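**Q** Just dropping this structure here.
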Amino acid sequence: PGRGPDLRESTLAMDKDAFLQVVKGGALLQRGMPRYDQLSREQAIQLWHYVRQQARAAKNAPARKAPGG
């Protein structure tokens, strides 16, 4: 229930092994992050690359002005 943390802003996006431990290994199960053991290692690595790509895009995006500002 609810939204999870933005992985683009997480230090997990910087470390492939840590990302895989969380996504495939369930390292953060106790904090509510599910394990995705149905993903193959290759699929999990592809997901890691996607998160990294999105993090770079967000970092390089021009800052948005606040509405009315």
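The values are calculated or read from the model by the stated rules, or taken from the named source; none is laboratory data. Computed from a predicted model, the values in this text were never measured in an experiment. FYI the Cβ positions are ideal-geometry reconstructions off the backbone, even for glycines, and counts take in every protein chain you see. Heavy atoms of the whole protein, side chains included, go into the accessibility calculation; ligands, DNA and RNA do not. Shrake-Rupley method; radii C 1.70, N 1.55, O 1.52, S 1.80 Å.
**Q** Which value at 222 nm does the chain reach when only helices count, each DSSP H run of 4 or more adding -39,500 (n - 2.57), with the total divided by all residues and rounded to the nearest 500 deg cm²/dmol?
**A** -13000 deg cm²/dmol
**Q** Now a separate question. Taking the 0 to 90 degree range and rounding to the nearest ten, how far is the long axis of helix 41-60 tilted relative to the main principal axis of the chain, both from C-alpha atoms?
**A** On a 0 to 90 degree scale, this one is about 10.
**Q** Pairs of alpha-carbon atoms within less than 8 angstrom and 6+ residues apart define the contacts here; what relative contact order does the stretch 1-55 have, in percent?
**A** Relative contact order of the stretch 1-55: 37 percent.
**Q** Accessible area per residue of the chain at 1.4 Å probe, in Å²?
**A** 82
**Q** Each label point is 7 Å from the Cα along the Cα-to-Cβ direction; what then is the distance between the points at Q38 and E9, in nm?
**A** 2.9
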